[in-house]
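A.B. asks: I am attaching a structure below and will ask some questions about it afterwards.
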Amino acid sequence: MVKIAVLVSGGGTNLQALIDAQSRGEIPEGKLSLVVASKPGIYSLERAQKAGIPAVVLRKKDFDTQEAYDAALIQTLEDAGIGLVVMAGFLTIIGEQVIRKFENRILNIHPSLIPSFCGEGFYGLRVHEAALKRGVKVTGATVHFVNEICDGGPIVFQKAVAVEDGDTPESLQLRVMQQAEWKILPRAVALFCEGRLSIKDGIVSVKD
């Protein structure tokens, strides 16, 4: 059984998608075991409490350096016996120390079809605002492993979502969540926990 930590900074819709998937028995080899929040008072913490998942708050501003923050995060994850880290709308930068410690064991969900609208500064509604401004007809979401390049790790799954006439950043965000994020993130987590994801030359494949 793989213990899963979910790192969050906001409302936690993707956390809820994982909670719901677990309750439906769709992550049979994994267990949501820890929620790490970047600040207090966010709704993600209520979701964790309702689901009976232990939660902690680690605020980066409480640490003098990136290295000190990374060390505290690693200690928190290791103390909980975490085998998979899921970044679900986590807006705090994690350093190479964390990435090395959990190499190929950190998944991130991003609300676009990488390599479009990704990288530094592209998060939340900003992604959808950029997509609409560019006039794309299709957008979507990507689950990828995390490496030292922002949104640059090996891609696990992508799912396309149509852009509709009259879309606002808010309406597009909701459709991408409903039609893509909430579907591909639980699936990727389940496959990881089943040991069915492998990476070779930066390409992810799913074992039968």
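A.B. asks: If I take every Cα pair under 8 Å that is 6 or more residues apart in the range 143-208, average their sequence separation and divide by the length, what percent do I get for the relative contact order?
C.D. replies: Relative contact order of the range 143-208: 30 percent.
A.B. asks: Under a plain spin-label model, where a point goes 7 Å from the Cα along Cα-to-Cβ, how far apart in nm are E46 and Q178?
C.D. replies: 2.1
A.B. asks: Let me ask something else about it. How far is helix 182-193 tilted off the main Cα axis of the chain, in degrees rounded to 10, range 0 to 90?
C.D. replies: So the inclination is approximately 40 degrees.
A.B. asks: Separation between the R126 and D64 pseudo-spin-labels, each 7 Å from Cα along Cα→Cβ, expressed in nm?
C.D. replies: Once both label points are built, they end up 3.0 nm from each other.
A.B. asks: OK, next. Accessible area of the range 15-66 with a 1.4 Å probe: how many percent of it is carbon plus sulfur?
C.D. replies: 47
A.B. asks: Ok, one more. How many angstrom lie between the Cα centre of the range 132-147 and the Cα centre of the range 164-208?
C.D. replies: With the range 132-147 and the range 164-208 each reduced to a Cα centre, they are spaced 11 Å.
A.B. asks: Which peptide among 3-11, 189-197, 70-78 comes first, and what is the full order, when sorted by highest mean count of other Cβ atoms within 10 Å?
C.D. replies: Sorting 3-11, 189-197, 70-78 by mean packing, highest first, produces 3-11, 189-197, 70-78.
A.B. asks: Residue by residue through the range 46-56, what is 3J(HN,Hα) from phi via Karplus (6.51 cos²θ - 1.76 cosθ + 1.60, θ = phi - 60°)? Round to whole Hz and write x for glycine and proline.
C.D. replies: Couplings: 5, 4, 4, 4, 4, 8, x, 9, x, 9, 9 Hz.
A.B. asks: Quickly estimate the mean residue ellipticity at 222 nm for the chain, helices only: each DSSP H run with n ≥ 4 gives -39500 (n - 2.57), and the total goes over all residues, rounded to 500.
C.D. replies: Value at 222 nm, helices only: -10000 deg cm²/dmol.
A.B. asks: Given points 7 Å out from each Cα along the Cα-Cβ axis, report the E164 to K3 separation in nanometres with one decimal.
C.D. replies: Between E164 and K3, the label points sit 4.3 nm apart.
A.B. asks: Also, quick follow-up: Averaged per residue, what accessible surface does the range 62-208 expose to a 1.4 Å probe, in Å²?
C.D. replies: 51
A.B. asks: Could I ask something else about it? I need the GluC sites (Glu not before Pro) found in the range 91-158, filtered to DSSP loop residues with at most 13 other beta carbons within 10 Å of theirs.
C.D. replies: Here the sparse-neighbourhood loop sites are E103, E120, E148.
A.B. asks: Output wanted: per-residue J couplings in Hz (rounded whole) for the range 26-38, from phi through Karplus 6.51 cos²θ - 1.76 cosθ + 1.60, θ = phi - 60°, x for Gly and Pro.
C.D. replies: 8, 10, x, 9, x, 9, 5, 10, 7, 10, 10, 9, 7
A.B. asks: Could you list, in their original order, any pairs among K39/K60; K133/K159; K3/K207; K61/K101 whose Cα atoms are separated by more than 18 Å?
C.D. replies: Numbers: K39/K60 9 Å; K133/K159 21 Å; K3/K207 21 Å; K61/K101 22 Å.
In this structure, K133/K159; K3/K207; K61/K101 lie more than 18 Å apart at Cα.
A.B. asks: Let me ask something else about it. When only Cα pairs under 8 Å and 6 or more residues apart are kept, what is the percent relative contact order across the chain?
C.D. replies: Averaging sequence separation for qualifying contacts and normalising by length gives 21 percent for the chain.
A.B. asks: Now for a separate question. Run the accessible area of the range 121-208 with a 1.4 Å probe and give the carbon-and-sulfur part as a rounded percent.
C.D. replies: The C+S portion of the solvent-accessible surface of the range 121-208 is 50 percent.
The values are calculated or read from the model by the stated rules, or taken from the named source; none is laboratory data. Quick caveat: nothing in here was measured; it's all calculated off a predicted structure. Here the Cβ is made from the backbone with ideal geometry for all residues, glycine too, and neighbour counts use every protein chain on show. What goes into the accessible areas is simple: the full protein's heavy atoms, side chains included, and nothing from ligands, DNA or RNA. Shrake-Rupley method; radii C 1.70, N 1.55, O 1.52, S 1.80 Å.
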